[in-house]
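The values are calculated or read from the model by the stated rules, or taken from the named source; none is laboratory data. No experiment lies behind these values; they were computed from the predicted model shown. Don't worry about glycine lacking a Cβ; one is built from the backbone with ideal geometry, like all the others, and counts go over all protein chains shown. The protein model used for the area step is the full one, side chains on, heavy atoms only, and it has no ligands, DNA or RNA in it. Shrake-Rupley method; radii C 1.70, N 1.55, O 1.52, S 1.80 Å.
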Amino acid sequence: MNIEDLREYCLSKSDVEECFPFDQETLVFKVRGKMFCLTGLYSERFSFNVKCNPEEAIDLREQFSTVVPGFHMNKKHWNTVFVDGTIPESMLYKFIDTS
């Protein structure tokens, strides 16, 4: 997965809009006005933030070293996922779907 794949997948969902509410570098995807995924456009290391129920968030962090508490987000409900090939793409898409 790369940033173009992420954008295309998020925009394929019903009622999704993309915007830049924070700055011109943080791409945010919302469904019916609520954020569910965001990513930095110019980050050296591709990652995205997704919302997650608290128990699952902890489980994913324990299972994958590339899943960490959400950067600049509520750590209880958000994870940052670094995309480096260690997590299967199908799981990355599932994280987005769940969010």
Restricting the range 56-93 to residues that are in contact with a strand residue (DSSP E or B) (Cβ under 6 Å, 6 or more places away or on another chain) and among the β-branched types (Val, Ile, Thr), the residue that is farthest from Met1 (Cα to Cα): Val68
Where a residue in the range 78-94 is over 20 Å from Met35 (Cα atoms) and charged (D, E, K, R) and its partner, wherever it lies, is in a loop (DSSP other than H, G, I, E, B) and open to solvent by 70 Å² or more (accessible area, probe 1.4 Å), with Cβ under 8 Å and at least six apart: Asp84/Arg45
Residues within the range 5-24 that are open to solvent by 90 Å² or more (accessible area, probe 1.4 Å) and either touching an Asp or Glu at 6+ places or on another chain (Cβ under 6 Å) or over 15 Å from Met35 (Cα atoms) (or both), tallied: 2
Test: residue in the range 50-65 that is farther than 19 Å from Thr98 by Cβ and either loosely packed, with under 15 Cβ neighbours inside 10 Å or small (Gly, Ala, Ser) (or both): yes
Boolean, Met35 is part of a loop (DSSP other than H, G, I, E, B) and in contact (Cβ under 8 Å) with a residue 12 or more places away in the chain: no
Total residues in the range 64-93, condition out of contact with any helix residue (DSSP H, G or I) (no Cβ under 7 Å at 6 or more places or on another chain) and in a loop (DSSP other than H, G, I, E, B): 14
Residue check for Arg61: assigned to a helix (DSSP H, G or I) and more than 10 Å from the chain's Cα centre (by Cα): yes
